[in-house]
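Notes follow once the structure below has been shown.
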Amino acid sequence: MYKEKHEASHCVNDSQNETEKYNLMTGFPNEIYLREILTERIASKAQGQFLILIRVTNYNEIIAGYGCKIIDETIVNMLNRFKFIFNGIGELHRISKNEILVLGDVIDDIHKLDLVLVELNNATEIGFNSKSGIIFINLAMGVLSLSNNYNDVSRIIEDLELTTDLAEKNNNERYVYYSETIRERLKKDIRLATLLRAAVANMELSLMYQPQIDPRTNRIVGVEALLRWHNDELGQVSPNVFIPIAEKMGNINDIGNWVLREACKQNKRWQEKGLPKIPVSVNLSPTQFKHNKIEYEIEDILEDCNLEGKYLNIEITETTLLENERDISKRFCTLRNMGISISIDDFGTGYSSLKYLKELDFDNIKIDRDFIKDYPDNDNGTIARLILTLSRELKVSTTAEGVETKEQLDFIMANGGDYIQGYYYSPPISAEKIEELLTKKYESA
């Protein structure tokens, strides 16, 4: 069935001549071949056959941590396992560097297909041996049944991509079946994106601020600026909803720069009122951080607001660090030369690479609330304790997010944590409330 041809990939895009119907690295059929088959199936009114789009969601992270040769070998090993699973019931096509599409035979019972999908997950959960150790692959899968509703191959692949996007977004769902509601959700996202484009001009965005506390003195040592959006039509929209859409639609840089400017302006206003000078923390999205002018934009904002760089802290998510180490190290250096401090946000929730942590110059690790919120009832604090130990070895400070109880506070302090952020001290509050809190705390200190 498959062409026996295994040429080395250079981790670019498994380049192939347009007339080729097989992936050069794996020997499996490619998207060109797949489209030809699907065109024939549509013309013959075939239906009931299943299609599965399998996406390796941590492909780039594995490249960053282990290199191109290891990811190539791992993909080949993964496909060989999958070939046995689909033997006699489906054909695998490698349609991109991190996506495989399976064109399957008719399955009369949906539960049988569920079993196949579970088997795919099981085949990757045991990991893949390599010279660098065991490599673990994360999958997201979209499933679709071929029917008479389709008369266009591109629409089939598009629906599969949308379904797989949903599976990837919902970390607790490894696979999702296509339904028309997915299309409806896309329409809502497009509507939301349209309204979001006008949000800055219409002054619908605002900032709340959550204090960061030194628990040994109970003093506020900083605040994090948190973006909020209220729209007359939609009401209050969660950042977890609109930030990914802003990234996808391409206006995250405008929104991010607005947040930076407003946070710096507000901090300067506090200083002009004689309040204690503390840094304000601002999250940069991965897309915004990759923008090739972000350092200069931040420098311009600081200059326009007449704010010293030491009163700004930039928070970068852990997964951002894995994109381009050399470029990120250079940007970190530029920002720190301005006096800006840097925190690694959401630490422990992504794909950690201690090599990069050791080589990058930053100031603070933020322990994600997922490792705090269930302590002590449903979490013994092992991961949080490990992060605190790692931070001491790296000689950087820590900020524990999501601290809500006295037990959680005592646990962080007992294990050498530096700063606390969470509802135990304060929820996110307005700039005016921060002003009151700063005045009260420092007058009574």
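General observations
- DSSP-defined antiparallel bridges as percent of all bridges, the chain, nearest 5: 60
- Packing-based ranking of 92-98, 194-200 yields 92-98, 194-200, ordered from highest to lowest mean Cβ neighbour count within 10 Å.
- Residues 424, 375, sorted so that the one with the fewest Cβ neighbours within 10 Å comes first: 424, 375
- Here the translational diffusion coefficient of segment 189-444 follows from Stokes-Einstein with Rh set to the Kirkwood radius across Cα pairs; for 25 °C and 0.890 mPa s it amounts to 129 µm²/s.
- Computed from label points 7 Å out along Cα-Cβ, the spacing between residue 40 and residue 154 is 2.3 nm.
- Ordering 439, 287 by the number of other Cβ atoms within 10 Å of each residue's own Cβ, fewest first, gives 439, 287.
- Relative contact order of the chain, taken over Cα pairs closer than 8 Å and 6 or more residues apart, is 12 percent.
- Neighbour-count ranking [beta-carbon atoms within 10 angstrom, fewest first] of 379, 214: 214, 379
- Rg and Dmax [Cα atoms of the chain; Å; Rg one decimal, Dmax integer]: 25.0, 81
- Between helix 382-394 and the chain there is an angle of about 70 degrees, using the helix long axis and the longest principal axis of the Cα atoms.
- Between 0 and 90°, nearest 10: helix 325-337 axis offset from the chain longest Cα axis: 10
- Percentage of interatomic Cα-Cα distances in segment 70-115 larger than 11 Å: 71
- √(5λ) per eigenvalue of the Cα gyration tensor, segment 101-218, largest first, Å: 37, 28, 12
- Segment 163-254: GluC sites (Glu not before Pro) falling in loop per DSSP and having at most 11 other Cβ within 10 Å: 233
- Taking the inverse of the mean 1/r over every pair of distinct Cα atoms in segment 31-178 gives a Kirkwood hydrodynamic radius of 15.8 Å.
- Between residue 273 and residue 110, the contour length at 0.36 nm per residue exceeds the alpha carbon distance by 52.1 nm.
- Near the amide H of residue 312, within less than 5 Å, lie the amide hydrogens of 280, 341, all on another chain or at least 5 residues away, with H placed in the peptide plane.
- Centre separation in Å (Cα based) which lies between segment 45-67 and segment 150-217: 20
- Here the sum of -39500 (n - 2.57) over DSSP H runs of 4 or more residues, divided by the residues of the chain, equals -14000 deg cm²/dmol at 222 nm, to the nearest 500.
- Nonlocal amide H pairs with residue 139, under 5 Å, H built at 1.01 Å: 57
Readers should treat all values here as calculations from the given coordinates under stated rules, not as data from a laboratory. Computed from a predicted structure; not experimentally measured. Positions of Cβ are generated from backbone atoms using ideal geometry, with glycine treated the same way; all protein chains shown enter the neighbour counts.
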